[in-house]
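Single-structure report; data block below.
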Amino acid sequence: MPDIPDIMLNNGQQIPQLGFGVFLIPPPLTEAAVAQALQAGYRHIDTAEMYGNEAEVGQAISKSGLSRGEVFVTTKLSNDAHRPDDARRAFDGSLKALGFDYVDLFLIHWPLPTRYDGDFVSTWGTLEEFYRDGRARSIGVSNFQPHHLRRIHTEGELTPAVNQIEINPYLTQDEVRGFCADHEIAVEGWSPLGRGSVLADPTVADIARRYGKTSAQVVLRWHIERGDVVFPKSVTPARIRENVDIFDFELTGEDVEAISALNRSQRTGPDPDTFAG
Ligand code: NAD
């Protein structure tokens, strides 16, 4: 079994630094993919109400033979449910779909500053309720820019445990990561492989050859060495195993820097300041 390190969140909870993401895995394929991931040693699954596959994630975990406490599960609030009463209903719905009485981490999926009068602070207040009643062991945000985080920091009561943002070698996100480091917010990098777009990069491919590893393994290792949490997605069993087989080598500081230098500040996903869900 791979020796996946834990990261300690600002509330003392531990999160496995490598997990398995299920965005765009069709519901009929999700249970088998999550079962493969659990067999390969992943103990952290990242889903969302908007992915439409929470029920299948829950089924795979329930049937795995692992106890609930052995698997870290994240889900996220739908963009259509930011108003407090809607958020309460959505959270109940996510727990019901998963078949669990708690989640390890619940996130606001997008800040949506152009909707709901820009009031993501009330939405955050509702997540604080879920944290206090114990049904969300940790709460956090996703796709928040420093100026969004600053509002949560000054107007909210709790600091988010994590901020899940798009990160890959072409989008290193130094500014958001710097803000998070200064405020004890753990960073999670979504689409860590840039949805496959960074794997043909010649610098990455050269480094991979030197270590006798694949480009995907080198990119994932780069994230791990920068201290971020990642959850690559695949439905191919061999790739699911490949992506977790990254704890038997370390990149030199020079190689980490060479990969970071590929930054082009190029998003594959939407801009959080304008995205309206
Ligand atoms: P990813 O960067 O993990 O790339 C996945 C794609 O890369 C796969 O579909 C496959 O084509 C390819 N791939 C995977 N492993 C490979 C390997 N070993 N070799 C070659 N190609 C390989 O992209 P993703 O799925 O978009 O992101 C991962 C997870 O991040 C998602 O499943 C989801 O959980 C999360 N996410 C969150 C948000 C958000 O807004 N919070 C947005 C997107 C994704």
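The values are calculated or read from the model by the stated rules, or taken from the named source; none is laboratory data. Bear in mind that the values here come from a model prediction, so they are computed numbers and not experimental data. Cβ placement follows ideal geometry from the backbone for every residue including glycine, while neighbour counts extend to all protein chains displayed. Just the protein is used for accessible areas: all its heavy atoms, side chains included, with ligands, DNA and RNA removed. Shrake-Rupley method; radii C 1.70, N 1.55, O 1.52, S 1.80 Å.
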Exercise for review: Mind checking which strands (runs of 3 or more DSSP E) fall wholly inside the stretch 1-98 and carry at least 1 residues that are open to solvent by 50 Å² or more (accessible area, probe 1.4 Å)?
Suggested key: 6-8, 14-16
Review point. Being touching a Leu at 6+ places or on another chain (Cβ under 9 Å), more than 13 Å from the ligand (Cβ to nearest atom) and open to solvent by less than 20 Å² (accessible area, probe 1.4 Å), is that true of even one residue in the stretch 167-174?
Key: yes
Exercise for review: Return yes or no: is Gly140 at pLDDT 95 or above and assigned to a strand (DSSP E or B)?
Suggested key: yes
Practice item. Please enumerate the residues belonging to the stretch 211-229 that are open to solvent by 20 Å² or more (accessible area, probe 1.4 Å), more than 13 Å from the ligand (Cβ to nearest atom) and assigned to a helix (DSSP H, G or I). Key: Tyr211, Glu225, Arg226
Exercise for review: Pull up the stretch 246-255, narrow it to residues that are within 26 Å of Met1 (Cβ to Cβ) and open to solvent by less than 70 Å² (accessible area, probe 1.4 Å), then point me to the one that is farthest from the ligand (Cβ to nearest atom).
Suggested key: Leu251
Exercise for review: Considering (1) modelled with pLDDT of 95 or more; (2) away from the ligand (no atom under 14 Å from the Cβ), say which one Met1 fails and leave the rest.
Suggested key: (1)
Exercise for review: Considering every residue within the stretch 259-274, establish whether at least one is assigned to a helix (DSSP H, G or I), buried (at least 20 other Cβ atoms within 10 Å of the Cβ) and more than 8 Å from the ligand (Cβ to nearest atom).
Suggested key: yes
Point to revise | Residue within the stretch 191-209 that is without any contact (Cβ under 8 Å) to a residue 60 or more places away in the chain, among the acidic types (Asp, Glu) and out of contact with any helix residue (DSSP H, G or I) (no Cβ under 8 Å at 6 or more places or on another chain) present | key: yes
Point to revise | Number of the exception - Arg68 against (1) farther than 19 Å from Val244 by Cα; (2) away from the ligand (no atom under 12 Å from the Cβ); (3) touching a Leu at 6+ places or on another chain (Cβ under 9 Å) | key: (3)
Practice item. Working only within the stretch 108-137, note down all residues that are closer than 23 Å to Gly178 by Cβ, open to solvent by 10 Å² or more (accessible area, probe 1.4 Å) and part of a helix (DSSP H, G or I). Key: Val121
